[in-house]
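Undergrad: Just dropping this structure here.
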Amino acid sequence: MTRSSCVIVGASAAGVSAAVRMRRMDYPGTITLVDVDPRLPYERPPLSKALLDEGTAGLVPIQPAETYRDLDIDLRLGARVVEVDPARLTVRLGDGDVLKSGRLVLATGVRPRKLTVKGADATNVLSLRDAADAGRIGAHLGRGGPLVIVGGGFIGLELAAVAVDRGIEVTVVEAQPQPLTHVLGPDVAALVTGLHREHGVRLLSGVTVAGFLGPAGRVEEVRLSDGRRLPAAAVVVGVGVEPRHELARSARIDTDDHGIPVNEFGQTSRAWIYATGEVASQFHPDLPRRGRIEHWDAALRHGAAVGSTLAGEPVRYTDPPYAWSDQYGATLQLIGRARPTDELVLREGAAPGRFLAFWLRHGRIGAVAGMDAAREIGVVKRLMAAGVLVGREQLTRSDTNLRALLKARSTMPGSRLAN
Ligand SMILES: Cc1cc2nc3c(=O)[nH]c(=O)nc-3n(C[C@H](O)[C@H](O)[C@H](O)COP(=O)(O)OP(=O)(O)OC[C@H]3O[C@@H](n4cnc5c(N)ncnc54)[C@H](O)[C@@H]3O)c2cc1C
């Protein structure tokens, strides 16, 4: 048996961030960071923004290898945690090793949801979560299209942009009336999907996949719910994710539909076990109810907050969620979450690929989305943090100097972001 005072399962954004923060805050015990993926922990966002080759060269490490050594973090890669024993406070690895753990952090993330239709297990029906998936997609697309992407979420649309730029014929199949409507609302979503149409992506909305057709475990056609058939050399399914919370079950801690419920400090229903990152089902001021936040930045910050708590300084993660997505060389950025009762204000001059949209809430900006508008988003983030009162007219006009609004701000107590 190996003794470790803290075991972290999952060495991605949240797990690495927790381990590094603990060490930087002089956590005195041993830290063991375990991941089933054998590669030096890498950033996931780049995986959908370029096509990787099968060897997955070009991965971006979250931290250089030396950081783990210098911070005395025992990194165990290619090792799966198969069981948590809540009576003995131990975790068991797939190779039989047992780690004694005074504190356990589950940072196990999520896995892509699978389609249950006929043919969904064919070899060219793919999904994208890790480097191995990205390598498989790169290898298939290296042989050409057509590519059918099922699900018009951020990952699906990023992949569509990359593939169409490579000259591959791409069709995106989306069950909703329009991709991204649930995140951005119909007007702003139309500005993003318009960009895809301009680049030649075929978007089929309001339809689902009824089945996959082809010989010997290979899909050659995708059959849609309205009877249409699409030829396909490869299919990528991006229809959402499910929490990887099997270990929570073995530890006999509470789970819910979203993941592992945690309190404001990341603690689960057992005091010695924490959960962080995308697997954590958390209360957050920007969420209407308990749930997951599926963004890289949130995983990093939530992980750091849990790391700080474990090092003896309890910290809550309350920053407005921040997400970005790169499509055709333009970056879409999102801060906060729009609510149904917010008033949408689009800045003059909005066009596919370049816009700024605000969601006004009681005279203040509750959420913002911008594409190709990084400078403005930086200023809006500060307006939001300072709780500046703004008018619809001011936000609509493209000649309004947002910086000037910041200078002339009328702040209210309760700002949540540092300037
Ligand atoms: C292709 C892609 C592109 C993305 N692009 C963006 C983007 O542009 N912007 C953005 O904001 N967000 C993006 N995201 C989302 C972001 O990457 C996630 O929110 C983030 O990775 C969540 O981090 P995490 O540490 O909570 O979980 P994960 O990254 O899911 O990591 C969980 C880790 O736990 C390990 N693990 C699970 N179970 C076990 C076990 N039993 N034993 C050992 N190890 C285990 C897994 O191997 C994995 O490495 C993207 C995600 C993907 C997949």
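Undergrad: Once Lys and Arg get +1 and Asp and Glu get -1 on their Cβ, which of GLY153, PHE265, ALA357 lies farthest toward the positive end of the dipole of the chain?
TA: Sorting the options by dipole projection puts first PHE265.
Undergrad: Nearest 20 debye, what's the magnitude of the dipole of the chain about its Cα centre given +1 on Lys and Arg Cβ and -1 on Asp and Glu Cβ?
TA: With Lys and Arg at +1 and Asp and Glu at -1, about 700 debye.
Undergrad: Could you give the dipole magnitude of region 114-237 about its Cα centre, charging the beta-carbon of Lys and Arg +1 and that of Asp and Glu -1, in debye to the nearest 20?
TA: 340
Undergrad: Please compute the net charge surrounding TYR328, taking Lys and Arg as +1 and Asp and Glu as -1 over other residues with Cβ under 13 Å from its Cβ.
TA: Net local charge, TYR328 excluded: -1.
Undergrad: Within a Cβ distance under 14 Å of ARG375, other residues only, what is the Lys/Arg minus Asp/Glu net charge?
TA: For residues surrounding ARG375, the net value is +3.
Undergrad: Further, regarding this structure: Quick one: putting +1 on the C-beta of Lys and Arg, -1 on the C-beta of Asp and Glu, what dipole do you get for region 329-407 around its Cα centre, in Debye to the nearest 20?
TA: With only Lys, Arg, Asp and Glu charged at Cβ, the dipole is about 280 debye.
Undergrad: Within the chain, what's the longest run with no GluC sites (Glu not before Pro) in a DSSP loop and at most 16 other beta-carbon atoms within 10 Å? Give the range, please.
TA: Of all site-free stretches, the longest is 55-219.
Undergrad: Now for a separate question. From largest accessible area down, sort HIS258, HIS362, HIS302; use a 1.4 Å probe on the protein chains.
TA: Heavy-atom accessible area, descending, gives HIS362, HIS258, HIS302.
Undergrad: So what is the diffusion coefficient of region 114-237 in µm² per second by Stokes-Einstein at 10 °C and 1.306 mPa s, using a Kirkwood Rh over Cα pairs?
TA: Here the translational diffusion coefficient equals 110 µm²/s.
Undergrad: Going from most exposed to least, what order do MET371, MET25 have by accessible area with a 1.4 Å probe?
TA: Result of the area sort, largest leading: MET25, MET371.
Undergrad: In addition: Carbon and sulfur: what percent of the chain's accessible surface (1.4 Å probe)?
TA: C and S fraction of accessible area: 49 percent.
Undergrad: Here's another thing I want to ask about it. With point charges of +1 on the Cβ of Lys and Arg and -1 on the Cβ of Asp and Glu, referenced to the Cα centre of the chain, which listed residue (LEU310, VAL36, LEU71) lies farthest in the positive direction of the dipole?
TA: LEU310
Undergrad: Tell me the label-point distance for the pair ASP70, THR331, using the 7 Å Cα-to-Cβ offset, in nm and rounded to one decimal.
TA: Distance between label points: 2.5 nm.
Undergrad: Given a 1.4 angstrom probe, what's the average accessible area per residue across the chain, in square angstrom?
TA: It amounts to 44 Å² per residue over the chain.
The values are calculated or read from the model by the stated rules, or taken from the named source; none is laboratory data. Since the model is a prediction, treat every value here as computed from it, not as a measurement. Cβ coordinates were reconstructed from backbone atoms using ideal geometry, including for glycine residues, and neighbour counts include every protein chain displayed. Note: accessible area is taken over every heavy atom of the protein model, side chains too, but ligands, DNA and RNA are not part of it. Shrake-Rupley method; radii C 1.70, N 1.55, O 1.52, S 1.80 Å.
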